[in-house]
């Protein structure tokens, strides 16, 4: 009977069922180890503080058991919450997560893909428009890949994201039903499908009620220094004192918009009712608390991991219809 070497003990760390492989005269053989021996080996590992070499393991298996998560801004409350939910979902299937932020910078996003491509088994990516070529290259190489929060409509790549159109439609219809008629929509000039869907929902609801006014549609440039949004929103509010409700297309627009409203002593919701896309602690604890179009972050993470694991198991998704479009939740608070 073959004695267990240090390599054999290392191979058994955390492994069940309890078998060990070895080579005799150039031939692979397996030996069954009793449960008692497994427990003994594990106690030795615990006592000696042995740490498995993951790099060596990945060379043997070709798997790193690491997932790359690339988002716009990991400091943003939505993406921070998404990262935490992805980590939890990944841990349940034995994976770890490394992540980075693009800051909506195309070159930075593509560099992150190149940096991580050999270090991860698959990607979850919230892509900027200029990352399309990098994403297409991943698809061509058959690297497991799921797009989150946004997607490319003309690319057959699995996605997991909220129903952006449906969420804003609910909010706009709610405000109209509450008697608000001078409703503004504040957005950023991103040519990304999820932002377009939010704006399209607002425009179509308002046009269907004969309430749409182009002058109450504010599109702001995308600023890395987000503090620049506040003065622009303040000027917009001064120019249009008739506004009686606002929907902000992102949570950072909402945060600076609320500050602008308060700086101008515009009462919420008495004078202006407020909705924002995405929830934050600030919205929950603000006075008054702010109503939101909430993205079910945990569900997005779970569905994204499901789609990614399907690919890692050999079930490559071929059509966008096989992605996950998840309903938004309207959370009504004191601002409406």
Original post:
If you check 265, 279, which single one turns out to be assigned to a loop (DSSP other than H, G, I, E, B), within 19 Å of residue 75 (Cα to Cα) and out of contact with any helix residue (DSSP H, G or I) (no Cβ under 6 Å at 6 or more places or on another chain)?
Top reply: 279
Original post:
Is at least one residue of region 82-97 in contact with a helix residue (DSSP H, G or I) (Cβ under 6 Å, 6 or more places away or on another chain), modelled with pLDDT under 90 and either not in a strand (DSSP E or B) or not assigned by TED's automatic domain parsing to the domain that holds residue 304 (or both)?
Top reply: no
**OP:** Just give me the residues in region 206-242 being out of contact with any strand residue (DSSP E or B) (no Cβ under 9 Å at 6 or more places or on another chain), surrounded by 15 or more Cβ atoms within 10 Å (Cβ to Cβ) and within 28 Å of residue 154 (Cβ to Cβ), in sequence order.
**Re:** none
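The values are calculated or read from the model by the stated rules, or taken from the named source; none is laboratory data. Source: prediction; values computed, not measured. In this analysis, Cβ positions are derived from the backbone assuming ideal geometry, glycine residues included, and neighbour counts consider all displayed protein chains.
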